[in-house]
């Protein structure tokens, strides 16, 4: 996989016009829409749930890249799977010893499974799971809020993941991504970039997406 997947985060979109804003990024060349799900417990913010994913699925065929920043993700995987998610990524910190079970649960619905780690989690902790998933998501900010600054040290984890990854693994990075930080991540081996405010806050969304490639 050589081309970079661009996954704008709808956390930075206009929630009153999600259908419009997802169409805008797709028309501008984005392959995925990144859907940040927060529960107010695992992270200190609350966003959206499975009904929003279901609603989006009815109006777009863009890949829905669902990122569960929630406690006990296994309780909600069925809802998000049935809602039409293409990828479901959950946090290692939320499952620990249950991680393998949740990966298999997601795959049982015939969709792609992703595993994410927060800035303070070392990539070595998930070594045994890298071969089990379709996607690894490296957080380069503390999850929970958009618009934070990129943490360069976190991006260095990409190198470790790359060394232990199968050829078709998607290595995604989320947090403070723009043209400059995106280039850093790609040099380390990332092939998918999540960008929220950088894309949706741009006066030229198509140009912003192209700059991430």
- Task: Can you tell me which residue among 110, 114 is under 28 Å from residue 82 (Cα atoms) and in a loop (DSSP other than H, G, I, E, B)?
- Result: 110
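Yes/no per residue for (1) on the phi < 0 side of the Ramachandran plot; (2) surrounded by fewer than 17 Cβ atoms within 10 Å (Cβ to Cβ); (3) free of Cβ contacts under 8 Å to residues at least 12 places away in the same chain:
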{"residue": "62", "(1), (2), (3)": "yes, no, no"}
{"residue": "87", "(1), (2), (3)": "yes, no, no"}
{"residue": "107", "(1), (2), (3)": "yes, yes, yes"}
{"residue": "118", "(1), (2), (3)": "yes, no, no"}
{"residue": "126", "(1), (2), (3)": "yes, no, no"}
{"residue": "132", "(1), (2), (3)": "yes, yes, no"}
- Message: If I go through region 23-47 residue by residue, how many of them are in contact (Cβ under 8 Å) with a residue 24 or more places away in the chain and closer than 18 Å to residue 144 by Cβ?
- Response: 12
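Here are some residues: 96, 82, 75. Which one is surrounded by fewer than 15 Cβ atoms within 10 Å (Cβ to Cβ) and either at positive phi or within 15 Å of the chain's Cα centre (by Cα) (or both)? So that I can check it myself, show each step before the final result.
Values: 82 fails: either at positive phi or within 15 Å of the chain's Cα centre (by Cα) (or both); 75 fails: either at positive phi or within 15 Å of the chain's Cα centre (by Cα) (or both).
Exactly one of 96, 82, 75 is surrounded by fewer than 15 Cβ atoms within 10 Å (Cβ to Cβ) and either at positive phi or within 15 Å of the chain's Cα centre (by Cα) (or both), namely 96.
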- Residues of region 187-213 being assigned to a loop (DSSP other than H, G, I, E, B) and more than 24 Å from residue 116 (Cβ to Cβ), which ones? 202, 203, 204
- Which residues, taken from region 192-213, are out of contact with any helix residue (DSSP H, G or I) (no Cβ under 9 Å at 6 or more places or on another chain), surrounded by fewer than 20 Cβ atoms within 10 Å (Cβ to Cβ) and touching a residue at least 12 places away in the same chain (Cβ under 8 Å)? 210
- Matching option when the condition is closer than 16 Å to residue 9 by Cα, without any contact (Cβ under 8 Å) to a residue 40 or more places away in the chain and surrounded by 17 or more Cβ atoms within 10 Å (Cβ to Cβ), among 141, 184: 141
- Would you please name the residue that is farthest from residue 114 (Cα to Cα), looking only at residues in region 158-174 that are crowded, with 24+ Cβ neighbours inside 10 Å and touching a residue at least 40 places away in the same chain (Cβ under 8 Å)? 174
- Query: If you take the residues in region 143-155 that are in contact with a helix residue (DSSP H, G or I) (Cβ under 9 Å, 6 or more places away or on another chain) and not in a loop (DSSP other than H, G, I, E, B), which one is farthest from residue 187 (Cα to Cα)?
  - Reply: 152
- Scan region 121-142 and give yes if some residue there is assigned to a loop (DSSP other than H, G, I, E, B), out of contact with any helix residue (DSSP H, G or I) (no Cβ under 7 Å at 6 or more places or on another chain), farther than 22 Å from residue 3 by Cβ and at pLDDT below 95, otherwise no. yes
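The values are calculated or read from the model by the stated rules, or taken from the named source; none is laboratory data. Fair warning: this is a prediction, and the values are worked out from it, not measured in the lab. In this analysis, Cβ positions are derived from the backbone assuming ideal geometry, glycine residues included, and neighbour counts consider all displayed protein chains.
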